[in-house]
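See below for the structure under consideration.
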Amino acid sequence: VSGCKIGLSILSSDLANLGAECVQMLDSGADYLHLDVMDRHFVPYITFGHPVVESLRKQLGQDPFFDMHMMVSRPEQWVKSKVVAGANQYTYHLEATESPGALIKDIRENGMKVGLAIKPGTTVEYLAPWANQIDMALVMTVEPGFGGQKFMEGMMPKVHWLRTQFPTLDIEADGGVGPDTVHKCAEAGANMIVSGSAIMSEAPRAVINLLRNVCSEA
Ligand code: DX5
Ligand code: ZN
């Protein structure tokens, strides 16, 4: 498994100033961007779609890694548009599709990495049949929908189970992760840490460095 990476969830950004904020966060040391796409159907909220991703890719250049967190129903429908827009990884919800396997194939054929996410209410064992075919498992540590929620410590056994069963799998913790909770994610075995409000609210570089150091030392 690759070393600890810190991903910025842009949901807590000033969306009217998104490009500049992403530049600042990447300059402050964020390893990748975690782009939260919501369709007001899979979750009762709506955020943005591929036009925003395309604009971000134009402004940020080819380097930054875009991890698309697709909180959408029928995630099959957006694969082509996201790769055109410049996404690097397509992370969809196990609860949103009848055919996880076919979608894994389609995402790969479109040249993107595959992420598979589960909501807090979903049993982690349901990921097992796909875990050897994907690049990353996303364990939600809040109910999907918006940033700034409280970290759900009860999700850590899921991370631990995945880490013991699949030692080389990238495991991402997403939701309510900050300086006070990152050690729990790292001790459980997460190596990709998504953080939004915790980074946006303080000196971003200091927080990002702290998150990475705590994660790397676990
Ligand atoms: C929630 C999103 C998360 C969230 C993380 O539905 O998937 O990525 O924005 O933001 P914080 O770190 O503020 O919980
Ligand atoms: Zn997310």
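Any read-out appearing in this document is the output of simple, stated calculations on the displayed coordinates, not a laboratory observation. Just so we're clear, the structure is a prediction, and the values are computed from it rather than from any experiment. Counting neighbours? That spans all protein chains shown, and the Cβs are built from the backbone with ideal geometry, glycine included.
Table for the structure above
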read-out: Difference of contour (0.36 nm per residue) and Cα-Cα distance, Ser201 to Ala16; value: 64.9 nm
read-out: For the stretch 86-98, Karplus couplings with θ = phi - 60° (6.51, -1.76, 1.60), whole Hz, Gly/Pro x; value: x, 6, 9, 9, 10, 9, 10, 8, 4, 6, 9, 9, 7
read-out: Full-extension gain in nm, Gln77 to Asn132, via 0.36 nm per residue minus C-alpha separation; value: 17.4 nm
read-out: Whole-number percent relative contact order across the stretch 15-135, with pairs defined as alpha carbons under 8 Å at least 6 apart; value: 20 percent
read-out: DSSP loop GluC sites (Glu not before Pro) with at most 15 other Cβ within 10 Å excluded, longest remaining stretch of the chain; value: 99-201
read-out: Residue among Gly178, Gly196, Gly101 with the largest mean-square fluctuation in a Gaussian network model of the chain, springs linking Cα atoms under 10 Å; value: Gly101
read-out: Among beta bridges that DSSP assigns inside the chain, antiparallel share in %, nearest 5; value: 5 percent
read-out: Net charge, Gly145 excluded, C-beta distance under 15 Å - Lys, Arg +1, Asp, Glu -1; value: -2
read-out: Prolate/oblate/rounded label for the chain (Cα gyration tensor, a/c 1.5); value: rounded
read-out: Cleavage-rule hits (chymotrypsin sites (Phe, Trp or Tyr not before Pro)) in the stretch 1-101: DSSP loop, at most 16 neighbouring Cβ within 10 angstrom; value: Tyr45
read-out: Cysteines, the chain, no other Cys beta-carbon under 4.7 Å; value: Cys22, Cys185
read-out: Among the listed pairs Lys105/Lys150; Lys5/Lys119; Lys105/Lys158; Lys113/Lys158; Lys82/Lys158, those beyond 31 Å (Cα-Cα); value: Lys105/Lys150
read-out: Three-way shape label, the stretch 99-208, alpha-carbon gyration tensor, a/c 1.5; value: prolate
read-out: Anisotropy class of the stretch 1-102 from Cα gyration tensor, a/c 1.5 cut; value: prolate
read-out: Alpha-carbon centroid distance for the pair the stretch 91-143 / the stretch 22-41, whole angstrom; value: 19 Å
read-out: Mean Cα-pair separation over length for the stretch 121-218, i.e. relative contact order, pairs under 8 Å, 6 or more apart, %; value: 26 percent
read-out: Neighbour-count order for Arg40, Arg108, fewest beta carbons within 10 angstrom listed first; value: Arg40, Arg108
read-out: ³J(HN,Hα), Karplus 6.51/-1.76/1.60, whole Hz, each residue of the stretch 43-56, x for Gly, Pro; value: 10, x, 9, 10, 10, 8, x, 5, x, 5, 4, 4, 5, 4
read-out: Among Lys82, Lys119, Lys105, residue whose mean-square fluctuation peaks in a GNM of the chain (springs only between Cα atoms under 10 Å); value: Lys105
read-out: Reachable aspartates and glutamates from Lys80, criterion Cα separation under 18 angstrom, eight or more residues apart if same chain; value: Asp36, Asp39, Glu54, Asp67, Asp106, Glu109
read-out: Placed amide H near Phe151: partners under 5 Å, 5+ positions off or other chain; value: none
